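Colleague: I have a structure I would like to understand better, so I am pasting it below and will then ask my questions one at a time.
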Protein chains: 2
Amino acid sequence: MKEILKKIEDNSLTVGILGLGYVGLPLAISFAQAGIKVIGFDKSAEKVEKINSGENYIRDIRDAVLREVVENIILSATTDFTRISECDALLICVPTPLDIFHKPDMSYIEAACVSIGQNMKPGTFISLESTTYPTTTEDLMLPILERESGLKHDTDFWLAYSPERVDPGNKDFHTKNTPKVLGAISKEGLDIGEKIYSKAIDHLHLVSSPKVAEMVKILENTYRLVNISLINELALLSGKMGIDIWEVIEAAKTKPFGFQAFYPGPGIGGHCIPLDPFYLEHIAKKYNFDLTMIHAAGHINMRMPHYMVIKITSALNSQKKPVNGSKILFLGVAYKPNIDDARESPALEIMDIIIKKGGVVSYHDPYISTVQTHGSASPGGAPLQSIDLSPTALQTADCVVITTNHAVFDAEMIQEHSRLIVDLRHVIKAPSDKVYKL
Amino acid sequence: MKEILKKIEDNSLTVGILGLGYVGLPLAISFAQAGIKVIGFDKSAEKVEKINSGENYIRDIRDAVLREVVENIILSATTDFTRISECDALLICVPTPLDIFHKPDMSYIEAACVSIGQNMKPGTFISLESTTYPTTTEDLMLPILERESGLKHDTDFWLAYSPERVDPGNKDFHTKNTPKVLGAISKEGLDIGEKIYSKAIDHLHLVSSPKVAEMVKILENTYRLVNISLINELALLSGKMGIDIWEVIEAAKTKPFGFQAFYPGPGIGGHCIPLDPFYLEHIAKKYNFDLTMIHAAGHINMRMPHYMVIKITSALNSQKKPVNGSKILFLGVAYKPNIDDARESPALEIMDIIIKKGGVVSYHDPYISTVQTHGSASPGGAPLQSIDLSPTALQTADCVVITTNHAVFDAEMIQEHSRLIVDLRHVIKAPSDKVYKL
């Protein structure tokens, strides 16, 4: 029997996880909770130090759980990538951002593959979890790994793809109980991968190749991008037609089949939906294929923050005020409710445009104490600090803009004390002359 | 108390239903089953005769149910629209097709309004069920009704909009148990409408205006159009990339939140999804608004039958055969499985193109015995007749094209006897060299 299979059987394998962000850390903990030794790798000395001292930095993880697996030395973290040689399985959870030209930035995956290739021992199972375009695992990763290691796939190591499905803030589904898709290059790799992941994940769904698994993740997020874009476009038209899109969606939801509700908003944020579909657009070019739905969806979403600025401008204008010099308070900078993540948040882009137009911008977010907008956030480019959400803060603002629907926001209190509200998230339900809605 | 309210209370009102198609007839029966007298109006003497002799022509209705309400003289049908004067409520279920330039053809609604306006008695409740663009009820129907009747809205009659949600072939949801959205112009109209519809429908969802209700229906069907288009586009790309899109969808479906599966196909058919979104596109022009998502979706779907022809051509070409002179057998012409409706079915368009290219076309559909394709279906433009699905019929064909996934189709039998298969509906699950899939 192969050594790795024996180690899987007696739970003595060591799992290495590359990248300790919102995907890697929960995954590491899921394995550690199954009693499997986990080494977490990250270039950030700060993150590594935090983990090794049992300090949690991911909202969806309970502090006590992290502390327990660290104290029992089941989970440890390191910046030393040569320790890859201690691992039997390596799961890659590094970022796959887009560059400033909206092209996939594969440098994190490439660097991970170089590190692994130079350090892994024979008999290692490797799996990529990062979202990427179909063919990445076989066409990009495999050659690097074989070249750097001098080892041969399916004899000396196995390569697979298994996309993360982490949904920050989701109370029902977390790493362990969310079914996971797995595709490997070889049959043996699929078998080994299934046995390893089954230690930490309740249900695995096996597919015939890495590229099928890669397309699965892209389909899931493209579905969301396209539907959010559709409802955003219909919201803009509804606004012009005097139709309340929120009322329309509530009514459509009563259809008991063939409909899933999406809600409009000031744009798309986070680390997945604004990015993933453009990975597919990137690889489609290689096949001379134009993805018109993704293209149209991207177009709408890129313009949403600008439309929102027009809404704010119109609201101020109705009170005979220009943006220039007006005090504008933003409520919520997280890209979705009840989370502490402002990555790609449309609120930041709107704030940025308003600042450029001379607006005096402040913000409140209960979960995010400081943000840096894309451009010149404040004079000198210093980050903005979240202010307290007091009646005075609301009264002082010429316009209050609701950019995130955090559940803790008190709609009545906001409505009572604000002079003018632009509600981009349907937080204010009671009709009022001073409320402008998306 | 108003007369209509009294009649509602003691179940003595008469409901008139204009248009006795797949929407009107089930609705008529739903009221009749509640013991309410129903007069069905239709221009087709054939339909009226059938109903009055208890003969059913809608697959989703059980013959015995129709016979019972007709025999008890609860439901009767007529071509005489002056009998509108006998009705207390009038529900309009006429077609709203697109004309050959893909513009809404409102002539059926207009004609219904003229008939009603000229014949209704004071105190009548009127509701439109046909899908149409937002503002139709108030801006198009109301002026015609007031002009033709000389009566005043909210004093002498009430006007509402309540979109049909009939899903042919759906075993779980039918007219009575599918929640129904209702929006009326006036508060009194909404109240009366709710009381009337509640006789025949289990759950009503009230909205603030007809235009909100109109937008609800458009949203529901636009959601479907856009998602089918998206998956069709991804299917085409996947084909080029050697990825099985059906396997991708099955895997994506294991995501327990935020995903709803749609399936690719040779194009979009039926009376709703290919049409309704373009109603919205039509009215959007009035607001100088370009609906890019619908536009892109329409573009993909218009091209799908042409791509399917390319698939058929490629499959034949692999066997060194041209389309011209080859025998091509189509399985299924209904626009979706297990129904007897070929309206707007993409199969017809594909057959038409193949015929024009010189292909010798035949078809089998267990539910549709004869079809007329759009153009010159067969020499002289005569309709095609469904042939028996025998081993010989399959063996004789140079290519068998599966255009509808009727549940009764025997995949093994088809695969065994066919020489070459183009499967556009994922009917053939077993891999084979002679099967080309979408």
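Colleague: Put a point 7 Å out from Cα along the line to Cβ at B:Asp202; what are the distances to that point in the other copies, in nm, shortest first?
Modeller: Nearest first, the other copies' label points are 2.9 nm away.
Colleague: Give the average, rounded to an integer, of partner chain Cβ atoms located within 10 angstrom of each Cβ in B:282-292.
Modeller: Details: counts 0, 2, 5, 0, 2, 5, 1, 6, 2, 7, 10.
Per-residue shielding by partner chains comes out at 4.
Colleague: Ranked from highest to lowest mean number of other Cβ atoms within 10 Å per residue, what is the order of the peptides B:285-293, A:20-28, A:188-196? Write out the running numbers ahead of the final one.
Modeller: On the way: B:285-293: 15.4, A:20-28: 25.3, A:188-196: 20.6.
Answer by packing, highest mean first, reads A:20-28, A:188-196, B:285-293.
Colleague: Also, quick follow-up: Between beta-carbons, use under 14 Å as the cut-off and find the net charge around A:Ile243, counting Lys and Arg +1, Asp and Glu -1.
Modeller: Numbers: positive: A:Lys240, A:Lys437, B:Lys211, B:Lys217, B:Lys286; negative: A:Glu233, A:Asp244, A:Glu247, A:Glu250, B:Glu138, B:Asp139, B:Glu214.
Neighbour charge sum, excluding A:Ile243 itself: -2.
Colleague: How much net charge surrounds B:Ser326 when only other residues with a Cβ under 10 Å from its Cβ are counted (Lys, Arg +1; Asp, Glu -1)? Display every interim value, and only then the final one.
Modeller: Values: positive: B:Lys321, B:Lys327, B:Lys357; negative: B:Asp398.
Cβ neighbours under 10 Å give a net charge of +2.
Colleague: What residues qualify as long-range amide H neighbours of B:Lys180, i.e. H under 5 Å apart, gap of 5 or more or another chain, H built at 1.01 Å from N?
Modeller: Here the answer is B:His203, B:Leu204, B:His205, since their amide H atoms fall under 5 Å of that of B:Lys180.
Colleague: Shifting gears a bit: Sort A:Lys255, A:Lys121 so the one with the fewest other Cβ atoms within 10 Å of its own Cβ comes first.
Modeller: Going from least to most buried by this count: A:Lys121, A:Lys255.
Colleague: While we're on this one: What ranking, highest mean first, results for peptides B:130-136, A:237-243 when packing means the other Cβ atoms within 10 Å averaged over each residue?
Modeller: Top to bottom by mean Cβ count within 10 Å: B:130-136, A:237-243.
Colleague: From the C-alpha gyration tensor of segment A:246-437, pull out the three semi-axes of the equivalent ellipsoid (sqrt of 5λ each), sorted largest to smallest, in whole Å. If you can, show how the numbers build up before the last one.
Modeller: Details: eigenvalues 171, 94, 49 Å².
They are 29, 22, 16 Å, listed largest first.
Colleague: Further question: So for the pair A:Asn177, B:His174, with labels modelled 7 Å out along Cα→Cβ, what separation do we get in nm?
Modeller: Distance between label points: 3.8 nm.
Colleague: For the protein assembly as shown, compute the orientation-averaged projected area of the C-alpha convex hull (one quarter of its surface), in nm². Walk me through the numbers on the way to the answer.
Modeller: Numbers: hull surface 165.4 nm².
For the Cα atoms of the protein assembly as shown, the hull's average projected area reads 41.4 nm².
Colleague: Considering only DSSP beta bridges with both partners in the protein assembly as shown, what is the antiparallel share in %, to the nearest 5? Walk me through the numbers before you get to the answer.
Modeller: Working: 10 of 96 bridges.
Counting only bridges with both partners in the protein assembly as shown, antiparallel ones make up about 10 percent.
Colleague: Okay, moving on. Using a cut-off of 14 Å between beta-carbons, work out the net charge of the residues near B:Ile192 (Lys and Arg +1, Asp and Glu -1, B:Ile192 not included).
Modeller: Details: positive: B:Lys2, B:Lys6, B:Lys7, B:Lys187, B:Lys195, B:Lys199; negative: B:Glu3, B:Glu9, B:Asp88, B:Asp154, B:Asp156, B:Glu188, B:Asp191, B:Glu194.
Net charge around B:Ile192: -2.
Colleague: So how tilted is helix A:210-241 from the main axis of chain A? Cα-based, degrees 0 to 90, rounded to 10.
Modeller: Long axis of A:210-241 versus the principal axis of chain A: about 0 degrees.
Colleague: How many partner chain Cβ atoms sit within 10 Å of a residue's Cβ in peptide B:261-268, on average, as a whole number? List each step's numbers first, then the result.
Modeller: Working: counts 2, 3, 0, 0, 0, 0, 0, 0.
Mean inter-chain Cβ contacts per residue within 10 Å come to 1.
Colleague: Please tell me the relative contact order of segment B:41-194 in percent, rounded to the nearest whole number, where contacts are Cα pairs under 8 Å and at least six residues apart.
Modeller: Working: 230 pairs, mean separation 27.5, N = 154.
Reported as a whole number, the value is 18 percent.
Colleague: Listed here are the pairs A:Lys255/B:Lys6; A:Lys336/A:Lys437; A:Lys255/A:Lys434; B:Lys327/B:Lys434; A:Lys336/A:Lys429; which of them are more than 25 Å apart at the Cα? Write out the running numbers ahead of the final one.
Modeller: On the way: A:Lys255/B:Lys6 31 Å; A:Lys336/A:Lys437 18 Å; A:Lys255/A:Lys434 33 Å; B:Lys327/B:Lys434 16 Å; A:Lys336/A:Lys429 19 Å.
Beyond 25 Å between Cα atoms: A:Lys255/B:Lys6; A:Lys255/A:Lys434.
Colleague: Same structure again: For segment A:3-207, what does the alpha-carbon gyration tensor say about shape, rounded, prolate or oblate, given a ≥ b ≥ c as the root eigenvalues, a/c under 1.5 as rounded, and a/b over b/c as prolate? Walk me through the numbers on the way to the answer.
Modeller: Details: a/c = 1.34, a/b = 1.20, b/c = 1.12.
Rounded.
Colleague: From the square roots a ≥ b ≥ c of the eigenvalues of the alpha-carbon gyration tensor of segment B:138-184, which class results: rounded (a/c under 1.5), prolate (a/b over b/c), or oblate? Display every interim value, and only then the final one.
Modeller: Working: a/c = 3.99, a/b = 3.00, b/c = 1.33.
Note, shape of segment B:138-184 comes out prolate.
Colleague: Separate question: Could you list which residues have their amide H under 5 Å from that of B:Leu128, counting only those 5 or more apart in sequence or on another chain, with H placed in the peptide plane?
Modeller: Under 5 Å from the amide H of B:Leu128: B:Ile92, B:Ala160, B:Tyr161, B:Ser162.
Colleague: I need to check one value: relative contact order of chain B, counting alpha carbon pairs closer than 8 Å and at least 6 residues apart, in percent. Each step should come with its number before you reach the end.
Modeller: On the way: 863 pairs, mean separation 45.0, N = 438.
Normalised by residue count, the contact order of chain B is 10 percent.
Colleague: Okay, which of segment A:23-39 sit inside 15 Å, backbone N to the point 7 Å along the Cα-Cβ direction of A:Tyr57?
Modeller: Residues passing the 15 Å test: A:23-26.
Colleague: Then there is this: Amide H to amide H under 5 Å from B:Gly16: which residues, 5+ apart in sequence or cross-chain, H placed 1.01 Å off N in plane?
Modeller: Here the answer is B:Ile39, B:Asp88, B:Ala89, B:Leu90, B:Leu91, since their amide H atoms fall under 5 Å of that of B:Gly16.
Colleague: Same structure, new question: In percent, what relative contact order does segment B:184-325 have, based on Cα pairs under 8 Å that are 6 or more apart in sequence? Provide the component values of the computation, followed by the final result.
Modeller: Numbers: 93 pairs, mean separation 33.7, N = 142.
This gives 24 percent for segment B:184-325.
Colleague: Restricting to segment B:3-207, compute how many DSSP beta bridges are antiparallel as a %, nearest 5.
Modeller: Numbers: 3 of 30 bridges.
Around 10 percent of the beta bridges assigned by DSSP in segment B:3-207 are antiparallel ones.
Colleague: Hey, for A:Lys121 with labels 7 Å out along Cα-Cβ, what do the inter-copy distances come to in nm, ordered shortest first?
Modeller: Nearest first, the other copies' label points are 9.4 nm away.
Colleague: Just for chain A, what percent of DSSP beta bridges are antiparallel, to the closest 5? Don't jump to the answer; show the numbers that get you there.
Modeller: Values: 5 of 48 bridges.
So the antiparallel bridges in chain A amount to around 10 percent.
Colleague: Let me ask another. Please compute the modelled spin-label separation between A:Ser369 and B:Val114, points set 7 Å along Cα→Cβ, answer in nm with one decimal.
Modeller: A separation of 7.4 nm, rounded to one decimal place.
Colleague: I would also like to ask the following. Roughly how compact is segment B:92-144, stated as its Cα Rg over 2.2 N^0.38 Å to two decimals? The partial results should precede the final answer.
Modeller: On the way: Rg = 11.5 Å, N = 53, 2.2 N^0.38 = 9.9 Å.
Segment B:92-144 yields a ratio of 1.16.
Colleague: Continuing with this model, one more query. What are the nm distances, shortest first, from A:Asp10 to its equivalents in the other copies, labels at 7 Å along Cα→Cβ?
Modeller: With the label placed 7 Å along Cα→Cβ, A:Asp10 yields 9.0 nm.
Colleague: Enter the mean number of other protein chain beta carbons within 10 Å of the beta carbon of each residue in B:224-231, as an integer.
Modeller: On the way: counts 2, 1, 8, 7, 0, 3, 13, 5.
Shielding by partners across B:224-231 averages 5.
Colleague: Could you tell me how many degrees, from 0 to 90 and to the nearest 10, lie between the Cα long axis of helix B:107-119 and the main elongation axis, the longest principal axis, of the Cα atoms of chain B?
Modeller: So the helix axis and the longest Cα principal axis differ by about 20 degrees.
Colleague: Rounded to two decimal places and with Rh computed the Kirkwood way over Cα pairs, what is Rg over Rh for segment B:30-144? Don't skip to the end; give the middle numbers.
Modeller: On the way: Rg = 15.3 Å, Rh = 15.5 Å.
Reported Rg/Rh, Kirkwood definition of Rh: 0.99.
Colleague: Also, quick follow-up: How large is Rg/Rh for chain B, to two decimals, with Cα atoms and a Kirkwood Rh?
Modeller: Values: Rg = 23.8 Å, Rh = 23.5 Å.
Answer for chain B: 1.01.
Colleague: By a straight-distance test (C-alpha under 13 Å), which aspartates and glutamates pair with A:Lys176 as possible cross-link partners, with residues fewer than eight away in the same chain excluded?
Modeller: Hits, sequence-local ones excluded: A:Asp60, A:Glu164, A:Asp167, A:Asp202.
Read-outs throughout are calculated quantities, based only on the coordinates presented, and are distinct from any laboratory measurement. What you see is a predicted model; the values in this text were computed from it and never measured. For neighbour counting, all protein chains shown are included, and Cβ atoms are generated from backbone atoms with ideal geometry for every residue, glycine included.
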